[in-house]
1. Considering each of 434, 402, 448 in turn, give the residue that is touching a Phe, Trp or Tyr at 6+ places or on another chain (Cβ under 6 Å) and either in a helix (DSSP H, G or I) or more than 26 Å from residue 249 (Cα to Cα) (or both).
2. Among the listed residues 52, 26, 88, 84, identify the single one that is touching a Phe, Trp or Tyr at 6+ places or on another chain (Cβ under 8 Å) and outside any loop (DSSP other than H, G, I, E, B).
3. Being buried (at least 16 other Cβ atoms within 10 Å of the Cβ) and either outside any helix (DSSP H, G or I) or on the phi > 0 side of the Ramachandran plot (or both) is the filter here; which residues of segment 139-167 pass it?
4. Taking segment 10-37 only, how many residues are under 11 Å from residue 192 (Cβ atoms) and open to solvent by less than 40 Å² (accessible area, probe 1.4 Å)?
5. Quick check on my filter: what residues within segment 109-138 are open to solvent by 10 Å² or more (accessible area, probe 1.4 Å) and among the small types (Gly, Ala, Ser)?
6. Of the residues 435, 418, only one is in contact with a Lys or Arg (Cβ under 9 Å, 6 or more places away or on another chain) and open to solvent by 40 Å² or more (accessible area, probe 1.4 Å); which?
Amino acid sequence: MRERADELKGQVRRMFEATMSMADAVTLVDTLEHLGIGLRFREEIDSLLGRVYRADEDLEFSASNDLHIVSLRFRLLRQHGFFVSADVFNKFRDGNNGGRFSTDLCGTKTRDLLSLYNAAHMAIPGEEALDDAIAFARRHLEAAVNKGELRSPMKEQVSRALDIPLPRFIARVETAYYIGEYEQEETHDAVLLELAKLDFNLVRALHLRELSDITLWWKALWAEVNLTFCRDRAVEMYFWTLDALPWDECSRARIVLAKVIGLATFMDDIYDVHASFEDCQRFDQAIQRWEESAASDVPEYLRALYVQTLSHFNEFEGLLKPHEKHRMAYLIQEYKMQSRLYLQEATWSYEKHMPTFKEHSDVAVMSSFVPTVCLVGLLFAEDDVATEQAVKWAFGMPYMYIASGEIGRFLNDVASYKMGKNKKDVASSVECYIKEHGVTGDEAVAAIAAMVELAWRRINQGCLEMRDRALQPAARSVVGVSTTLEVMYLGGRDGYTFGRDIKDLIVRLFIDPVPL
């Protein structure tokens with residue numbers, strides 16, 4: 001399979017060497033990324049999009065009235081860190097209708113509207129003009145769905161995007177759906193299709209080897225710590241890593257990140273669900289000391305977890321190369337901070353204190369563990385992802401990490417509010433907002449949804465502000481963490497706590513191979 005895949009890669013590289021129009025260039029890149037093989041041609045894609053970007057004044061493009069191509073170009077360039085002005089959509093607006101999108105577009109092809117909808121979700125703060133694009137495209141796409149006008153595979157693609165727009169969807173999950181859909185297209189390229197199928201199954205085999213490692217580790221740890229009230233989620237914790245670290249060479253990072261998530265899940269459930277407030281205090285004191293001798297001060301039923309945590313962190317350090325060893329101090333510092341944040345929430349719960357929305361957010365965004373997930377993934381990534389510049393950037397806890405934490409916290413709190421929380425849980429951001437602003441639950445959820453949207457736009461902005469191209473993989477990792485949050489908490493579910501909600505995705509990614 002690998003030999004055949006390598007042969008096909010050579011044929012695809014020759015496609016990049018051919019002279020092509022801007023429309024053909026962005027179509028090729030979009031197809032490769034949809035099929036999940038864009039990572040095999042990172043340098044070629046970066047070079048090609050660089051040429052597309054530099055051809056900004058190209059007469060062919062500036063005169064183009066193809067909404068699909070204009071949207072595709074806008075989305076792809078922004079996703080790859082090239083800033084493109086939203087003014088490119090002005091030609092599709094009606095000057096006599098307050099600058100809104102022209103009614104002439106109402107009869108536009110569904111493909112064009114879908115491309116506009118996905119592209120507009122690459123907006124950054126202050127680009128309210130793209131809100132109109134989203135509303136316009138969504139209104140017409142929903143109408144097409146409701147009227148039963150769409151056929152496969154466009155019907156399924158529109159449905160997925162209306163749930164989660166393409167730039168905010170897990171890339172590998174999209175690929176799992178798209179390969180079969182692409183095969184239905186009469187104009188599909190046989191070389192790209194065959195390579196996509198081979199590559200998907202090869203990557204699946206790699207993921208299954210990693211998942212085997214994690215499963216054996218988790219079973220042994222679960223038996224050792226014997227905390228049966230905690231969540232038993234080996235597969236789900238690995239699922240978190242796939243879009244955060246999509247590069248094959250980051251196997252070490254995926255495995256370590258999944259294990260750190262597993263250890264943190266134990267700690268979270270101790271503070272949230274089972275332990276008394278005094279037990280929480282004693283466990284946190286030991287975590288802050290971070291030494292084996294502190295185990296005797298930990299409640300007996302938590303002692304094994306404490307010892308195992310220190311032991312596994314020592315193992316993680318052993319996986320780092322000599323020039324990477326200094327990173328461990330930052331990881332331990334972050335883990336200590338998580339314990340202190342969990343204790344703060346336990347204190348609020350114990351004292352029955354309702355914090356202000358800002359007080360809650362300042363603690364809960366970080367206690368979501370999402371910023372730490374972003375950091376850990378990068379610290380254990382390989383050198384071409386975790387460059388020295390990228391590691392220094394990550395140590396500063398950049399606002400992209402905070403924005404991803406906001407997405408995680410707010411989506412999680414909305415899910416908890418809809419499902420009902422545990423008795424010991426601290427008040428959620430939804431409840432704090434309701435009390436502080438005197439609004440209904442639905443109004444609070446809508447306000448917090450707007451905050452999630454703003455957080456996404458800040459992440460988009462962060463990607464575009466990275467002038468050093470060497471930082472782009474680090475930014476891509478933050479996007480991947482955030483897409484996983486969108487999938488986990490889609491529609492108010494909690495796919496990590498209730499794994500049945502993402503079972504179909506797990507089957508697609510790990511159980512069912514793509515037929516060759």
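The values are calculated or read from the model by the stated rules, or taken from the named source; none is laboratory data. The model shown is predicted, which means the values in this text are computed figures rather than measured ones. Cβ coordinates were reconstructed from backbone atoms using ideal geometry, including for glycine residues, and neighbour counts include every protein chain displayed. Areas reflect the complete protein model, heavy atoms only, side chains present, ligands, DNA and RNA absent. Shrake-Rupley method; radii C 1.70, N 1.55, O 1.52, S 1.80 Å.
1. 448
2. 88
3. Across segment 139-167, the qualifying residues are 150, 153, 164, 165.
4. Total meeting the criteria: 8.
5. Selection gives 115, 126, 129, 135.
6. 418
Condition check ((1) over 19 Å from the mean Cα position of the chain (by Cα); (2) under 30 Å from residue 191 (Cα atoms); (3) open to solvent by less than 20 Å² (accessible area, probe 1.4 Å)) across all residues:
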position: 447; (1), (2), (3): yes, no, no
position: 451; (1), (2), (3): no, no, no
position: 460; (1), (2), (3): no, no, yes
position: 468; (1), (2), (3): yes, no, no
position: 482; (1), (2), (3): no, no, yes
position: 497; (1), (2), (3): no, no, no
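Here is a yes/no grid of residues against (1) more than 30 Å from residue 507 (Cα to Cα); (2) assigned to a helix (DSSP H, G or I):
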{"residue": "236", "(1), (2)": "no, yes"}
{"residue": "243", "(1), (2)": "no, yes"}
{"residue": "258", "(1), (2)": "no, yes"}
{"residue": "303", "(1), (2)": "yes, yes"}
{"residue": "307", "(1), (2)": "yes, yes"}
{"residue": "314", "(1), (2)": "yes, yes"}
{"residue": "320", "(1), (2)": "yes, no"}
